[in-house]
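For reference, the structure is listed below as structure tokens.
Derivation of every value follows stated rules applied to the coordinates shown; laboratory data play no part. Treat the numbers as computed from the prediction; the structure is a model and nothing was measured. We place every Cβ from the backbone using ideal geometry, glycine too, and count neighbours over all the protein chains shown.
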Amino acid sequence: MKDWREIAVDDIINELEETSEEGKKQLEEKKVKIKPNSDSKLDRCPPSEGRTVSFCCTTTIPGGFSVVAGTQRVAFVEDCLRCIKTIETLPVYCEGIPSSAPCGEVEVCTIRVTGCIPFIAGAFVNGDEGSTSAICCQGCVCVDECVACFPIEDNGCSCFDSGTSECSGFAGIPDVDAGAVTVTVTPCSSGANSQTVRFTGTFTVTCNQPV
């Protein structure tokens, strides 16, 4: 028959075993919780949201010419843009607390489109006797827009792995869409026989996820 010492030792061993089994169970549950639920990269990644950036350029033409309505266009190149993933610390705002007072911070993985968009905007103009020609101006828009953002704990940017770390390096291919171009013509204050043609519009930038 076991004495009280042996019984106490047995109880301790049993308690340690139960604790160990419970710890294993919790660990497995945690693994299941953070395990991706699909092999598809698109299923694991948050969608990239388009961000708009404005562009504007001007040119001067002599008086007497008129811009042909509906002929304005813009051409651009995307070669100077990159999709970059980085870790950033962002403030967290809670309900019931003024927006000027964040209630904490969280580290997130952000996907940014950075670089610049060189562009040329142009339109046709009419002169006398049915003559026509084209005018244009050029510019370059700087871009630094966050198109996706999510907590590292829930998804360590695995869908954008570059082979170096969980959240660094390049991430996908930038994409640019041009919106409608607006043309305004105003007389120049510096000369009675000249007018300024101003082209304005927007570009929508996104980051296409790698497949």
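Between I87 and C103, what is the label-to-label distance in nm when each label sits 7 Å out along the Cα-to-Cβ direction?
2.5 nm
Sort 197-206, 141-150, 54-63 by the packing proxy (mean of other Cβ within 10 Å over each peptide's residues), most packed first.
197-206, 141-150, 54-63
Taking 0.36 nm per residue of separation and subtracting the Cα-Cα distance, what length does fully extending R198 through C56 add?
The R198-C56 span can extend by a further 50.4 nm.
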